[in-house]
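To keep things clear, I will list the structure first and then write my remarks on it.
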Amino acid sequence: MPLSNEVINRYLNPVFVETGLENGMAVFIAGAAGFKTIHSIEASEHYLEIVRGDPRFKAMTNVTLHKGDSAKILAGVIESIDEPITFWLDAHPFNEPMQLKDCPLRQELEVIAKTCKHVPTVMIDDWRVFSDQDKSIIMGLLKAVPGIAVITFEPGQVPDDIVVGQAENSTC
């Protein structure tokens with residue numbers, strides 16, 4: 001599983017915002033980690049219904065699911081939040097290798113850079129699937145998020161598969 005309890009516990013903020021819900025595992029892990037508020041954006045009604053039907057989700061009163069394209073609705077979600085956010089960016093098709101043009105990651109990072117009121121923690125999953133050229137673009141976009149000063153890697157499906165950008169003196 002790409003996101004583990006061990007990894008997420010290192011990057012706690014009051015709010016968790018995910019793009020790409022799929023089967024809801026990141027939401028369940030974020031809930032167990034203790035995030036006060038959780039938002040997940042998913043374009044597929046199929047995945048939203050799977051999670052809504054899960055008994056674990058029904059017990060989570062601090063989760064809001066948003067249906068839509070994350071590139072289009074992420075700004076509205078962020079604008080409603082006035083606390084530090086940990087982002088889990090994982091909205092993309094399930095193909096390897098993947099091109100940056102095939103997913104909303106570029107737009108998500110641009111929205112985060114323009115919209116966040118506090119320095120966020122940004123976690124990008126599936127680093128292994130991007131080309132070296134796309135990785136260079138993504139790193140540039142991540143470094144353009146105001147306050148992001150430290151970029152590290154965490155294990156996911158493979159070692160160093162999750163990129164994490166955060167503030168220099170982050171308490172995460």
_Unique match (being among the aromatic types (Phe, Trp, Tyr) and surrounded by fewer than 22 Cβ atoms within 10 Å (Cβ to Cβ)) among PHE130, PHE94_ = PHE94
_I'd like to check something: does segment 73-84 contain any residue that is in contact with a His (Cβ under 9 Å, 6 or more places away or on another chain), without any contact (Cβ under 8 Å) to a residue 12 or more places away in the chain and surrounded by fewer than 22 Cβ atoms within 10 Å (Cβ to Cβ)?_
yes
*asked:* I'd like to verify a number: residues in segment 126-144 that are out of contact with any Asp or Glu (no Cβ under 9 Å at 6 or more places or on another chain) and of a type in the set (A, V, I, L, M), how many?
replied: 4
*Output the number of the condition that GLU154 fails; it satisfies all remaining conditions of (1) in contact (Cβ under 8 Å) with a residue 24 or more places away in the chain; (2) surrounded by fewer than 16 Cβ atoms within 10 Å (Cβ to Cβ); (3) of a type in the set (Asp, Glu); (4) more than 19 Å from LEU100 (Cα to Cα).*
(2)
*List, please: which pairs have Cβ atoms under 9 Å, are six or more places apart or on different chains, and start with a residue in segment 91-104 that is of a type in the set (Asp, Glu) and end with one that is at pLDDT 85 or above and not in a strand (DSSP E or B)?*
GLU96/ASP126; GLU96/ARG128; GLU96/VAL129
_Neighbours by Cβ (under 6 Å, 6+ apart or cross-chain): first from segment 36-63, free of Cβ contacts under 8 Å to residues at least 40 places away in the same chain; second assigned to a strand (DSSP E or B) and among the charged types (D, E, K, R)_ = SER40/GLU18; LEU48/GLU42; LEU48/LYS67
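What's the total number of residues in segment 118-127 that are surrounded by fewer than 20 Cβ atoms within 10 Å (Cβ to Cβ) and more than 16 Å from ASP160 (Cα to Cα)?
If we filter segment 118-127 for residues that are surrounded by fewer than 20 Cβ atoms within 10 Å (Cβ to Cβ), which is where we start, we get 118, 127.
If we keep only those that are more than 16 Å from ASP160 (Cα to Cα) as well, we get 118.
Of the residues in segment 118-127, 1 are surrounded by fewer than 20 Cβ atoms within 10 Å (Cβ to Cβ) and more than 16 Å from ASP160 (Cα to Cα).
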_Filter segment 105-117 down to the residues that are in contact (Cβ under 8 Å) with a residue 40 or more places away in the chain and either surrounded by fewer than 17 Cβ atoms within 10 Å (Cβ to Cβ) or more than 16 Å from VAL163 (Cα to Cα) (or both) and list them by number._
VAL111, THR115
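In segment 13-29, is there at least one residue being over 20 Å from VAL111 (Cα atoms) and part of a strand (DSSP E or B)?
Keep residues of segment 13-29 that are over 20 Å from VAL111 (Cα atoms), which gives 22-29.
Next, only the ones that are part of a strand (DSSP E or B) stay: none.
No, every residue in segment 13-29 fails to be over 20 Å from VAL111 (Cα atoms) and part of a strand (DSSP E or B).
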*Do the conditions hold for SER44, that is, is it surrounded by fewer than 19 Cβ atoms within 10 Å (Cβ to Cβ), within 14 Å of the chain's Cα centre (by Cα), hydroxyl-bearing (Ser, Thr, Tyr) and more than 19 Å from CYS116 (Cβ to Cβ)?*
no
*If you scan segment 8-30, which residues turn out to be within 22 Å of CYS116 (Cβ to Cβ), out of contact with any helix residue (DSSP H, G or I) (no Cβ under 8 Å at 6 or more places or on another chain) and surrounded by fewer than 19 Cβ atoms within 10 Å (Cβ to Cβ)?*
ARG10, PRO14
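The values are calculated or read from the model by the stated rules, or taken from the named source; none is laboratory data. Keep in mind that this is a model prediction, so the values were computed, not measured. No Cβ is skipped: glycine too gets one built from the backbone with ideal geometry, and neighbour counts run over all protein chains shown.
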